[in-house]
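One structure is given below, encoded as structure tokens.
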Amino acid sequence: MLSPHATLADGGATLARLKAGVQAERAALQTKFRETADGTMVLREHRRLVDRVLKEMWRQLRLPAPLALLAVGGYGRGELYPHSDVDVLVLLQDPASAGLAGQIEKLVGRLWDAGLELAHSVRTVAECVEEARKDVTVMTSLLEARQVAGNRGLFARFDRARRNCLDPEVFFKAKRLEQEQRHTKFQDSPYSLEPNLKEAPGGLRDLQVILWISQACGLGNSWAELAQRALITREEARQVQRHHRFLQDLRVRLHYAAGRREDRLLFDYQDSLARELGYSPTAHRRAGEQLMQSYFRTAKAVTQLNTILLQNMGAEIFPARNSDGAKISEKFRRVGELLEAHPADLFEREPTAILESFLVMQQHSELKGMTAQTLRALWRARTRIDAAFRRDLRNRAIFLSLLQQPRGIVHELRRMNQYGILGRYLPAFRRIVGQMQHDLFHAYTVDQHILTVVRNVRRFTMLEFAHEYPLCSRLIASLERHWLLYIAAIFHDIAKGRGGDHSQLGRIEARRFCREHGLAAEDTQLVEFLVEHHLTMSSVAQKQDLSDPEVLRRFADVVGTERQLVALYLLTVADIRGTSPKVWNAWKGKLLEDLFRATQHLLKGGKLEADQYIQGKQEEAKRLLRLYGLSDTVQDALWRHFDVPYFLRHDAQEIAWHARLLHHRESADKPVVKARLSPAGEGLQVMIYVPDQRELFARISGYFGSIGFSIVDAKIYTTRHGYALDTFQVMDIGSVPHPRDMIAQIESELADWLANQVPLPQPVQGRVSRRVKHFPIAPEVRIVPDEKGQYHSLSITAGDRPGLLYAIALVLSRYGVSLHTAKIATLGERAEDVFVVSGAALANPKTVLQLETDLLKALQA
């Protein structure tokens, strides 16, 4: 710290000593925190340290009176985190002259030089009032202002003006709206896998909003004072204080771990923070996952208390003219737009009313929520849901009825989860509340993913969303007892995190539920089938060759009936869409629909004999060619170079497209590259026709990687006269506003790229995402021959990264392995690719082993 006898005339040496002193005290504070684990102490002592620096600097600069230096924002309320900005306001009596402005700039500069990250403003009292009336954020910051140095009389004037311009009703409405907007930025969920401790729902800001409103409206300045006014109970006050301290301590640790201001609980820090807090990894759960489950439960409790307190404070600030309420039933009444249980101890006396309350919410569209009294009563009565409650036939009937209502299914399931009711009724669900998923493609906790899948299924039934997935909407309209899909959605991932196959374990849980709730045998069988096979359709569509009749027959045998096929298709679409916004795309949608339609054809008695199957495609292709004014024989010269595999692998639209473009250049001496908007509705489809050459696939994949496109599907074919006819489905990974704009560029550049056959560069190590870095996937490579021994299947699993496919292609090229088809499935940041390959090297087991080894090296590079 500054010596009492030092002056700023000492110049840079004094500032250097001051900065060193600040750094030393901050380091000592961090050491003390490691010893005491007391986050509140850090906030208090850090604030005192900064107060001393500001007072000393103010004294040394001898700024003229009347001026005042105010602490505002988090610093003003005494919560100064290790790397937070120091928010200050230089308060003026009159607008600053040029000379005074220069002195203030010097103060700010020297404070920065002393190591304080300052966020400052300079205003007169009148300007403060004007800004506060226009902006609730400014009003909030000034609400917490306290004087650090300067003229006390000026601060007193400011304090009076601040209180006079504060309208409690306007402030309450503005802060509630501000919270709603903030929650919207975080998808109204506290369950992000990398949550923002400060801003996300259930974070520190939700607690601060309550204290700001209570302070502004004269309801109290602390949790204890809110309890004294009966806005919360004393037990709730103790709970919220514990939650507040937990979040404060975690944010302090996060700042120290990051070495900077960082409020996001990133994967980079979760495990290390968990170990600091005493969590230890188990066989099935990382330490970080256990910490995050504790965080999510805290955030859930904060959200509950925030809802209850906002309602209670709103009732204090805006007293209802008529609070008697309208009677709904003997147990419930309507107070305004809210449901209230009557009498207040209804749930304790009649636990069955717990589930009935959610049913009433569904059946009365005028109700927008529940009163704070009822929400609190639900939370307290949740422990009444025990084994005897779950065995009660009335409660089982009510729960099934909740899933069969025409409205409110998702809203009430979410409300039940929020207040601990759903987990008490379904103990298996309770185990996965707040449970993380480190599989590189789920973006939500298990419970939130499950409820999102239920939401997606529900949207298929709603007319206003029929335009999103028309086929799904048509299918669910004709599916008998479609509410069974909600049960399957609830149970499909309910056994995550136990070890073992969660699909099989979930099937057992689902069967027990169905039998206990009296479902018919055929409905129980359907739910069991859906839970057990909820990953099957996605796997077949994305990893197997849908042009192979045997693949379709095997899948049809698994599905068994058209009812099970329809239900599985609907659940699969809802499940993929519910993992992460990044996982679903139109191409995956097309693959699933193609598999659905082909299997439906089989289950209805259709046949897939190769000759008949090919003939049907050819006739459809000819019909499409006639639409372009081409004769029935225009394709004959080209088709004589094609054999059975070509017609099996390509659909009629692709066959017609190839014929239309190539019928007059069947022996082209230069590469022909043509692109179009994908029939799937997203990305581009690119056709390449060129005399076959070595390293062709590597050259093509290298080109697409260089322009920021990813290959999601490839059909590789070599004609009888030695030409490669390859068709790629490619997707832009974010750099191009519209793929259409790239068509001409791709057609020109890729043709030149292939014609010149420039040497292939070594693969560049792509930047690995943080998620892959912290939750790496052990690469897997598997090469197995097909039943006939003609081809081999190459399966690869690895963390995705730019250039991954090119690195694979280079290895295959070195071994002379030819590619026939490629299924490129990217699930979030997990690549699961399946290739059909052939080549002499695959006949030698030792060579196959070395090939697998080299591929693993390429995947790990």
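Listed values, structure above:
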| item | result |
| --- | --- |
| Pick from region 549-583, criterion under 32 Å from the mean Cα position of the chain (by Cα), part of a loop (DSSP other than H, G, I, E, B) and of a type in the set (Ser, Thr, Tyr), ranking: nearest to residue 480 (Cα to Cα) | 579 |
| Options 356, 366; residue that is at pLDDT 95 or above, charged (D, E, K, R) and farther than 30 Å from residue 496 by Cβ | 356 |
| Set 63, 49, 89: member being in contact with a helix residue (DSSP H, G or I) (Cβ under 7 Å, 6 or more places away or on another chain), open to solvent by less than 10 Å² (accessible area, probe 1.4 Å) and within 30 Å of residue 153 (Cα to Cα) | 49 |
| Test: residue in region 294-307 that is farther than 19 Å from residue 232 by Cβ, part of a loop (DSSP other than H, G, I, E, B) and open to solvent by 20 Å² or more (accessible area, probe 1.4 Å) | no |
| Within region 505-553, tally of residues that are modelled with pLDDT of 95 or more and out of contact with any helix residue (DSSP H, G or I) (no Cβ under 8 Å at 6 or more places or on another chain) | 7 |
| Output for region 478-517, where each listed residue is part of a helix (DSSP H, G or I), open to solvent by 20 Å² or more (accessible area, probe 1.4 Å) and in contact with a Ser or Thr (Cβ under 9 Å, 6 or more places away or on another chain) | 511, 515 |
| Top-ranked residue in region 373-391 [being within 20 Å of residue 333 (Cβ to Cβ) and of a type in the set (D, E, K, R); ranked as surrounded by the fewest Cβ atoms within 10 Å (Cβ to Cβ)] | 380 |
| Any hit, region 97-106, residues being farther than 30 Å from residue 257 by Cα, open to solvent by 40 Å² or more (accessible area, probe 1.4 Å) and not in a helix (DSSP H, G or I) | yes |
| Set 475, 451: member being over 16 Å from residue 534 (Cβ atoms), in contact with a Leu (Cβ under 8 Å, 6 or more places away or on another chain) and of a type outside the set (Phe, Trp, Tyr) | 475 |
| Residue in region 117-136 that is touching a Gly at 6+ places or on another chain (Cβ under 7 Å), more than 19 Å from residue 55 (Cβ to Cβ) and surrounded by 19 or more Cβ atoms within 10 Å (Cβ to Cβ) present | no |
| Test set (1) surrounded by fewer than 17 Cβ atoms within 10 Å (Cβ to Cβ); (2) at pLDDT 90 or above; (3) under 38 Å from the mean Cα position of the chain (by Cα) - residue 766 fails condition number | (2) |
| Every pair of residues 6+ apart whose Cβ atoms lie under 9 Å, when the first sits in region 344-372 and is basic (Lys, Arg) while the second is at pLDDT below 95 and loosely packed, with under 14 Cβ neighbours inside 10 Å | 349/343; 368/337 |
| Qualifying residue in region 299-314 (condition: touching a Phe, Trp or Tyr at 6+ places or on another chain (Cβ under 7 Å), within 30 Å of residue 193 (Cα to Cα) and in contact (Cβ under 8 Å) with a residue 60 or more places away in the chain) | yes |
| Lone qualifier among 251, 245 - being in a helix (DSSP H, G or I) and in contact with a Leu (Cβ under 6 Å, 6 or more places away or on another chain) | 251 |
| Out of 116, 49, sole residue that is assigned to a loop (DSSP other than H, G, I, E, B) and in contact (Cβ under 8 Å) with a residue 24 or more places away in the chain | 116 |
| Considering residues of region 596-625 that are assigned to a loop (DSSP other than H, G, I, E, B) and under 43 Å from the mean Cα position of the chain (by Cα) only, the residue nearest to residue 548 (Cα to Cα) | 608 |
| Inter-residue pairs, beta-carbon under 6 Å, first touching a residue at least 40 places away in the same chain (Cβ under 8 Å) and in region 717-728, second among the basic types (Lys, Arg), 6+ apart | 727/715 |
| Sole exception among (1) part of a helix (DSSP H, G or I); (2) open to solvent by 40 Å² or more (accessible area, probe 1.4 Å) for residue 256, by number | (2) |
| Residue that is least open to solvent (accessible area, probe 1.4 Å), among those in region 444-477 that are touching a residue at least 24 places away in the same chain (Cβ under 8 Å) and not in a helix (DSSP H, G or I) | 445 |
| Residue in region 268-289 that is touching a residue at least 60 places away in the same chain (Cβ under 8 Å), open to solvent by 20 Å² or more (accessible area, probe 1.4 Å), of a type in the set (Lys, Arg) and farther than 24 Å from residue 117 by Cβ present | yes |
| Residues that are over 20 Å from residue 244 (Cβ atoms) and hydrophobic (A, V, I, L, M, F, W, C), drawn from region 160-199 | 161, 165, 166, 170, 171, 172, 174, 177, 193 |
| Test: residue in region 729-747 that is touching a Lys or Arg at 6+ places or on another chain (Cβ under 7 Å), charged (D, E, K, R) and either at pLDDT 85 or above or more than 30 Å from residue 272 (Cα to Cα) (or both) | yes |
| Residue in region 812-823 that is modelled with pLDDT under 90, among the aliphatic types (A, V, I, L, M) and under 22 Å from residue 589 (Cα atoms) present | yes |
| Set 422, 413: member being without any contact (Cβ under 8 Å) to a residue 40 or more places away in the chain, under 27 Å from residue 307 (Cβ atoms) and buried (at least 20 other Cβ atoms within 10 Å of the Cβ) | 422 |
| Matching residues, region 658-698, being open to solvent by less than 10 Å² (accessible area, probe 1.4 Å), assigned to a helix (DSSP H, G or I) and not aliphatic (A, V, I, L, M) | 658 |
| Cβ-Cβ under 9 Å pairs, at least 6 apart or on other chains, region 606-626 side surrounded by 13 or more Cβ atoms within 10 Å (Cβ to Cβ), far side of a type in the set (Lys, Arg) | 608/553; 613/607; 624/660; 625/660 |
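The values are calculated or read from the model by the stated rules, or taken from the named source; none is laboratory data. The model shown is predicted, which means the values in this text are computed figures rather than measured ones. Positions of Cβ are backbone-derived with ideal geometry, glycine not excepted, and every protein chain shown enters the neighbour counts. These area figures cover heavy atoms from the full protein model, side chains too; ligands, DNA and RNA do not enter into them. Shrake-Rupley method; radii C 1.70, N 1.55, O 1.52, S 1.80 Å.
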